[in-house]
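Below is one structure, written out as structure tokens; the observations come after it.
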Amino acid sequence: MNVPFVDLKVQYQSIKPDIDKAIGDVIAETAFIGGKYVNEFEKKFAELYGVKHCISCANGTDSLYILMKMLGIGTGDEVITVANSWISSSETITQTGATPVFVDIDQVYYSIDEKQIESKITAKTKAIIPVHLHGQMCEMDSILEIAAKHNIPVIEDCAQSHFSVYKGKRAGTMGIAGSFSFYPGKNLGAYGDAGCIITDDDKLAENCKRYARHGALIKHQHTTEGVNSRLDGLQAAILSAKLPYILGWTAQRQANAKYYDRVLSGISQIVIPEVRPGTEHSYHLYVVRAERRDELGQCLKSKGIETSVHYPVPLPFMKAYQYLRHTEHDFPISNKYQHQILSLPLYPELSNEMMDYVSNTIKDFYSK
Ligand SMILES: *Cc1c(COP(=O)(O)O)cnc(C)c1O
């Protein structure tokens, strides 16, 4: 049996008429950049989240950069984020001219350890970017409390947490803004690059929108310089076509995670993911900690099961951040877990038979 890590083809097949119609409509109307389909998607996404504004942009990296830039973050400033994430979370801090300040991950939930944030705040700290990694919510009450005490905005990186919930509130609705990626493999994925910002802050929304569109809200009236970060019509129409299904897909991810939990729970060499109490995990990734991780990954691969590691090297240990002179002792949990974490295939279309095959193959590996 083959179990790919992600399978975007099966999802396309399941909604082919909707997608094909969406693409056909955009082409027939040549609504390639801006226009009706982009406006429609922004409106629908904002409605689903119960927020005032959704500003679409080219990808989930730009959304972070634009937000920081519009919050006035620049040279000499510091922004706090987590040691284990995709590089967009820290790269965009550098892009503004600021310096990324990393915090280790929590031992149980793998997201930023909120207990260590306050000790990293200095007079230069201008924002905190918690990343709801894997779809697991960060401890938002503590983070918001620390941020409020120091008068620092919180930008939620929701690239992996579409429709995750913290105490009844969706990821992206608790900080000053939420940043989303619609990269094809994300829980809500376009057929190319795409991203957005959501916020209830009118001024911030307007500034982000202007900046993402060359500094002009009205054509040819450039009140400032900006960047070109637009969502194109095809991607917007594809995303709109997928929106009616997203809550069902999220529920199916959660059901599949429960199934994995059950079939993997008896294996002592594996630690299954724990969900933070009071939250709903959206399982962008199903990450276990495994003994002899690399050997297990190889074995699964040889049996047709694709796995991955998110991420193999924590950000502070990357060559790109060598200049910060961090050592492994600065981030002991990230350092330890980088050799243990393994992402198993998980998507809505994964069948119980496939998950049985994965768990049985893992059991066989450890019984030898
Ligand atoms: C995917 C991702 C991003 C960036 O999104 P792109 O659309 O690929 O630019 C940012 N942060 C995290 C945590 C991500 O996983």
Shape parameters for the stretch 246-367, alpha-carbon atoms, Rg then Dmax in Å: 15.8, 48
log10 of Debye I(q)/I(0), alpha-carbon scatterers only, for the stretch 43-89 at 0.14, 0.17, 0.28 Å⁻¹: -0.48, -0.68, -1.08
Rg over Rh, two decimals, the stretch 23-176 (C-alpha only, Kirkwood Rh): 1.01
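How would you classify the stretch 76-123 from its alpha-carbon gyration tensor, with a ≥ b ≥ c the square roots of the eigenvalues: rounded for a/c under 1.5, else prolate if a/b is greater than b/c, otherwise oblate?
oblate
Evaluate the chain: find the radius of gyration of its Cα atoms, find its Kirkwood radius, and give the ratio Rg to Rh.
On the way: Rg = 20.7 Å, Rh = 21.2 Å.
Reported Rg/Rh, Kirkwood definition of Rh: 0.97.
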Qualifying aspartates and glutamates (Cα of each under 18 Å from Cα of K368; at least 8 residues distant if same chain): E291, D294, E295
Distant-in-sequence amide H partners of G215 (H built 1.01 Å from N, under 5 Å): G226, V227
³J(HN,Hα), Karplus 6.51/-1.76/1.60, whole Hz, each residue of the stretch 11-20, x for Gly, Pro: 5, 4, 4, 6, 10, 3, x, 5, 5, 4
Under-5 Å amide H pairs with D201, H placed in peptide plane, nonlocal only: none
K16 versus I87: modelled label distance in nm, points set 7 Å from Cα along the beta carbon direction: 3.8 nm
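Sorted by packing (mean other beta-carbon atoms within 10 Å per residue), highest first, where do 68-75, 153-160, 125-132 land?
Highest-to-lowest ranking by the protection proxy: 153-160, 125-132, 68-75.
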³J(HN,Hα) computed for each position of the stretch 294-302 - Karplus, 6.51 cos²θ - 1.76 cosθ + 1.60, integer Hz, glycine/proline x: 5, 4, 4, x, 4, 4, 4, 4, 5
Net charge of Cβ neighbours under 11 Å - reference F163; Lys, Arg +1; Asp, Glu -1: +1
Amide H contacts under 5 Å for F5, placed H, 5+ residues apart: E306
Three-way shape label, the stretch 213-311, alpha-carbon gyration tensor, a/c 1.5: prolate
Ranked C54, C138, criterion: other C-beta atoms within 10 Å, fewest first: C54, C138
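Can you give the FRET efficiency for K115 and Q221, using 1/(1 + (r/R0)^6), R0 = 45 Å, r = Cβ-Cβ distance, to the nearest 0.05?
My answer for the efficiency is 0.40.
Would you mind ranking I87, I66 so that the residue whose beta carbon has the fewest other beta carbons within 10 Å leads the list?
Listed from fewest to most nearby Cβ atoms, that is I87, I66.
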Among F32, Q340, S282 - extreme Cα towards positive end, dipole of the chain, charges at beta-carbon: F32
Simple label model, 7 Å out from Cα along Cβ direction - E47 to H339, nm: 5.3 nm
Karplus 3J(HN,Hα) series, Hz, for the stretch 177-189 with 6.51 cos²θ - 1.76 cosθ + 1.60 (x for Gly, Pro): 7, x, 10, 10, 10, 10, 3, x, x, 6, 4, 10, x
Theoretical FRET efficiency, 1/(1+(r/R0)^6), r = Cβ-Cβ of D200 and K36, R0 25 Å, to 0.05: 0.50
Surrounding net charge for Q221, when Lys and Arg each add one and Asp and Glu each subtract one, Cβ distance under 14 Å: +2
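Values in this text are rule-based calculations from the coordinates and carry no lab data. From a predicted model like this one, the values you see are computed outputs, not experimental measurements. Note that each Cβ is placed from the backbone with ideal geometry, even for glycine, and that neighbours are counted across all protein chains shown.
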